[in-house]
């Protein structure tokens, strides 16, 4: 079973890393919630479609 808030927290950390110009790697495995591909899709969707990003590189 997936920990409540795990997807949201991960996507938020990804956004914060980008805003601060920090490289981040996210490792997703089946132990995190039973189905790594589904978890990855959920994180990707939330990150890509719902979080506002502020780039540390305004010209990019």
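Summary table below
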quantity: Candidate set from region 1-17 (those that are free of Cβ contacts under 8 Å to residues at least 12 places away in the same chain and part of a loop (DSSP other than H, G, I, E, B)); member that is farthest from residue 52 (Cα to Cα); calculated: 4
quantity: Residue in region 18-38 that is modelled with the highest pLDDT, counting only those that are surrounded by 12 or more Cβ atoms within 10 Å (Cβ to Cβ) and under 10 Å from the mean Cα position of the chain (by Cα); calculated: 26
quantity: Filter result (over 17 Å from residue 49 (Cα atoms) and outside any loop (DSSP other than H, G, I, E, B)) within region 18-34; calculated: 30, 31, 32
quantity: Tabulated pairs, region 28-40, first more than 20 Å from residue 14 (Cα to Cα), second surrounded by fewer than 14 Cβ atoms within 10 Å (Cβ to Cβ), C-beta under 8 angstrom, 6+ apart or interchain; calculated: 34/1; 34/2
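The values are calculated or read from the model by the stated rules, or taken from the named source; none is laboratory data. Note that the coordinates shown come from a computational prediction; the quantities given were computed from them, not determined experimentally. Glycine gets a Cβ as well: all are built from the backbone with ideal geometry, and neighbour counts include every protein chain shown.
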